[in-house]
Amino acid sequence: MKFQRYLPCHRLAAYIKHFVVSENSDAQTYKVLPGTSLVMGFQYTGRLTYLKNGTETMLATTGITGLMDGYRTFSNTTNVGTILVVFNETGASHFLRQPVNELFDESLSLDHFFDRTIIRETEELLSMANDDTARIAIVEQLLISHLIGRSEDKLVSAAVAGIYQHKGVIKIADLARNLNTSQSPLEKRFRKVVGASPKKFALIVRAQSTLELLKTDGWQKAVYAAGYYDQAHLIKEFKTHTGTTPEQYMKAQQGYADK
């Protein structure tokens, strides 16, 4: 199994955290937890499916997945190879003309956003490329050609930073007040650029912070450190986020570490 990260070129560094090249010779089913980044995917060999509402759906060879407020289960065929583009929190909005929140909890083909002929050409080039460097260069060229001359929304960027600063434990009304704006316009701009409401984004950040606290402090201490009302509140949100209880999660992590 291969999972290798690569930094983007200078032209794309303001919008993309990193690329990932993932390869697996074995068929596998795995869980993906909610994150704060939209992810674009290019399968250059093999196929992926995902389970949603009890229905298994084949992913497009080239597609993009929006933010999610719950975990999702994916499966891959044997000998799968994928390039993932992991955008920063506001990065995808610089390549998509549609409001990014239209992708919330969705995985759509790039045909919805880019010219189909260009996508088919990109897929063909990827299938013929021989190494990671060549494949990433092909994806970078596609993205550069679709870069929109859109200015950074500094209010939204400041809101993202504020949510991270408080580890997701902040009321959106207080966040807006700290930024000298009102809640309604902040929420509208935030959804269009980030892909979820500030409240949903903050819940994801808090869940990620909780996962880190679990590793160092244990789940009972994490209840208060992450700002939950009580243990029941943490367990409910944790199960939505991961599909397991904190105790089950920690046991699974320990079992993985022991392998």
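Rule-based calculations on the coordinates, nothing more; no lab input. Keep in mind that what you see is a predicted model, and the values were worked out from it rather than measured. So basically every Cβ, Gly included, is an ideal-geometry build from the backbone, and we count neighbours across all protein chains shown.
For segment 154-258, take the alpha-carbon Rg, divide it by the Kirkwood Rh, and send me Rg/Rh.
Details: Rg = 15.3 Å, Rh = 14.6 Å.
That ratio is 1.05, to two decimals.
On full extension of the chain, what length is gained from ASN130 through ASP26, given 0.36 nm per residue of separation minus the C-alpha to C-alpha distance?
Numbers: separation 104, 0.36 × 104 = 37.44 nm, distance 2.05 nm.
Contour length minus Cα-Cα distance gives 35.4 nm.
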As a check on your grasp of the helix formula, calculate [θ] at 222 nm for the chain: sum -39500 (n - 2.57) over DSSP H runs of n ≥ 4, divide by the residue count, round to the nearest 500.
-> -13000 deg cm²/dmol
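By the scheme Lys and Arg +1, Asp and Glu -1, what is the net charge of all other residues having a beta-carbon under 13 Å from that of HIS18? Show your work: numbers first, answer last.
Details: positive: ARG5, LYS17; negative: ASP132, GLU140.
Taking every Cβ under 13 Å from that of HIS18, the sum is 0.
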Excluding VAL194 itself, calculate the net charge of residues whose Cβ lies under 11 Å from the Cβ of VAL194, where each Lys or Arg counts +1 and each Asp or Glu counts -1.
-> +1
Can you figure out the FRET efficiency of ASP230 with ASN178, using R₀ = 25 Å and their beta-carbon distance, to the nearest 0.05?
-> 0.40
For segment 126-134, just list the computed ³J(HN,Hα) in residue order, Karplus coefficients 6.51, -1.76 and 1.60, θ = phi - 60°, integers in Hz, with x standing in for Gly and Pro.
-> 5, 5, 9, 5, 9, 8, 4, 4, 5
When only Cα pairs under 8 Å and 6 or more residues apart are kept, what is the percent relative contact order across segment 2-145?
-> 28
Cα-based Rg then Dmax for the chain, in Å, read 19.1, 54
Among ALA14, ALA27, ILE119 the positive-end extreme of the charge dipole of segment 2-145 (Cβ point charges) = ALA14
Write down the Å³ per residue value for the convex hull defined by the alpha carbon atoms of segment 63-189.
-> 142
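Starting from the coordinates of the alpha-carbon atoms of segment 2-145, obtain the Kirkwood hydrodynamic radius over all distinct pairs and give the value in Å to one decimal.
By the Kirkwood definition, the hydrodynamic radius is 15.4 Å.
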Charge dipole of the chain built from unit charges on the beta carbon (Lys, Arg +1; Asp, Glu -1), centred at mean Cα; most positive-end Cα among THR242, LEU96, SER145 is THR242
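What does the highest-first list of 51-58, 207-214, 81-88, 239-246 look like by mean Cβ count within 10 Å? Walk me through the numbers on the way to the answer.
On the way: 51-58: 9.6, 207-214: 19.4, 81-88: 21.4, 239-246: 17.5.
Top of the packing list down: 81-88, 207-214, 239-246, 51-58.
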